[in-house]
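The values are calculated or read from the model by the stated rules, or taken from the named source; none is laboratory data. Predicted model, so just to flag it, every value in this text is computed and none were measured. Reconstructed Cβ throughout: ideal geometry from the backbone, glycine too, with neighbour counts over all protein chains shown. For the accessible areas, the whole protein counts, side chains as well, though only heavy atoms, and no ligand, DNA or RNA atoms are used. Shrake-Rupley method; radii C 1.70, N 1.55, O 1.52, S 1.80 Å.
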Amino acid sequence: MEFVIKISQFLLSLSLLIVLHELGHFIPAKLFKTKVEKFYLFFDVKYSLFKKKIGETVYGIGWLPLGGYVKIAGMIDESMDKEQMAQPPKPWEFRSKPAWQRLIIMLGGVTVNFILAYFIYVFASFVFGDSDIKIDSLKGGYQIENQVLLDAGFKTGDKVLAINDQNIEKDSEIGQYIIGAEQITVERDGQKKVIDLPENFLGQLSDEGSKNLFKYRYPFIVESVPDSSLNKSVDLKQGDVFVAVNGEPLEYFDQYEEVLKTYKGQTISVDILRGDQKITRDLKVNENGKLNIFRLIDGSRFVDLGYYEITRREYSFGESWAAGATKFTSTISNYFSQLKAIFNPKTEAYKGLGGFKAIYDIFPDFWSWEAFWKLTAFLSIMLAVLNLLPIPALDGGHVMFLLYEMISGRKPSEKFLERAQIVGFFILIALVLFANGNDIFKAITR
């Protein structure tokens, strides 16, 4: 069921983005009376799942979900229709239109993606608002398990105060600013400490493979006791909060993990808070240093117990426009920072480059419209930015040659454009293979 939910969100988001992107090319092409021969969701290699001709355009759904396309007459694109290009230009063909019209047609897709992302952020701000965790409210700081962070000098209990020169007040800002970070300032035992990050920090994170960086520290609250547990017969109830072991006060689950290792195969006395009542129970630790008790993960309960504070912000319809603009510009800035890091070999960030599985993995395994729309907005920006890269075969490649034509007054020859399209196609295929190859490599080695 979890797979069905994730793949449904992935395909719905991908389909929405592809159709709207291609619609961004289709509409201006029709407005400028340019013939559009095909409009496809996914690629129809050899055959289509569905197709229907309406007017002069064939609309269809392909079987290969790697993108989509509109085939515009008289345009050198991935179809490489040399037979058509060998004929004299027709008035309704792309190549017969003025350069400014061709530029608008080529920029239509990314324009729609940017507009879509902005409106989603506005919509999400108005409907869902914002919720976050205040850094200064985190009781006990963060739990650090990631080996890369440990090697860099972080310790459990650290609170992140700043990344580079940017003060951090909310938990979500850590992921926002950590890309390209050179140093992080933390609070440790009441003192500030600056931790310098290695230049290949992002590459190390990719090699390590764990997605957990700065984790919240939780109390040990009982969810249930499985039948296989040595403590099945002990009087434990859901919601019981462990507060001490053999008289030693312990506030966080990670402390129990460490302490229990010293009591393997022994019986311990655990102080428990049940409502307002404090009780004691004797529990058995197995040979692996575990109590074999499922713990409760309940954010609202952690808030009630004072482990952190959640701030919520709701926006009026008018306020949501400014809030959406802030999120929109921030996401674009962060994504450009990621691209900058990826194209800098010293950061080794290219190791974290992923393909379709990486995109699939960012969707939650439960249905959340809030998460779906926010992820779709991010992917819409990602699609727009990637399409603007000046690589022939991408929109950005066509735009590059059109700008050259408009500035110089000379149109590149169709032969040159055909060759550039072939080169760009192979570059694009290489990038796709590398990204998806990374996904396969990680799946095999981890």
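Things to note:
- Cα-based Kirkwood hydrodynamic radius, the stretch 380-446, one decimal, Å: 13.5
- Solvent-free Debye scattering, log10 I(q)/I(0), computed from the Cα coordinates of the stretch 369-410 at q = 0.14, 0.22, 0.29, 0.34 Å⁻¹: -0.45, -0.69, -0.87, -0.98
- Distance-filtered residues of the stretch 40-64 - backbone nitrogen under 16 Å, label point 7 angstrom along E418 Cα→Cβ: none
- Of all accessible heavy-atom area on the stretch 330-446, the percent that carbon and sulfur account for (1.4 Å): 71
- Euclidean distance between Cα centres, the stretch 280-321 to the stretch 185-216, Å: 23
- Gaussian network model of the chain, springs between alpha carbon atoms under 10 Å - residue of G239, G157, G352 with greatest fluctuation: G239
- Approximating the spin labels as points 7 Å out from Cα along Cα→Cβ, the V259-to-Q183 distance works out to 3.7 nm.
- Probing with 1.4 Å while keeping every protein chain in the model, the per residue accessible area of the stretch 167-228 equals 54 Å².
- Share antiparallel - DSSP beta bridges, the stretch 25-81, percent rounded to 5: 75
- Here the accessible area of the stretch 194-298 is 44 percent carbon and sulfur, with a 1.4 angstrom probe and all protein chains present.
- Nitroxide proxy distance, nm - points 7 Å out along Cα→Cβ at T311 and K52: 5.1
- Solvent accessible area, Å² - E287, 1.4 Å probe, full protein context: 140
- Length-normalised contact order of the stretch 361-446 in % [C-alpha pairs under 8 Å, at least 6 apart]: 19
- Candidate membrane-span-like segments in the chain, meaning DSSP H helices with Cα atoms spread over at least 27 Å of their own axis and a Kyte-Doolittle mean of -0.5 or above, are 2-31, 99-128, 317-342, 414-445, with no membrane implied.
- Whole-number accessible area per residue in Å² for the stretch 298-431, which is evaluated in the context of all protein chains at 1.4 Å: 55
- Here the stretch 109-153 has 61 percent of its accessible surface on carbon and sulfur atoms, given a 1.4 Å probe and all protein chains in place.
- Most mobile of I279, I310, I381 in a GNM of the chain (Cα contacts under 10 Å): I279
- Where the stretch 12-113 is the region considered: accessible area per residue in Å², 1.4 Å probe: 49
- The relative contact order of the chain, computed from alpha carbon pairs under 8 Å that lie at least 6 residues apart in sequence, is 18 percent.
- Per the Debye formula on identical point scatterers at the alpha carbon atoms of the chain, with no solvent, log10 I(q)/I(0) at q = 0.06, 0.10, 0.12 Å⁻¹ is -0.37, -0.88, -1.14.
- Cβ-Cβ distance of D151 and I297, R₀ of 30 Å, FRET efficiency by 1/(1 + (r/R0)^6): the value works out to about 0.60.
- Entries in K134/K215; K357/K442; K264/K284; K139/K284 that, when Cα-Cα distance is taken, lie over 19 Å: K139/K284
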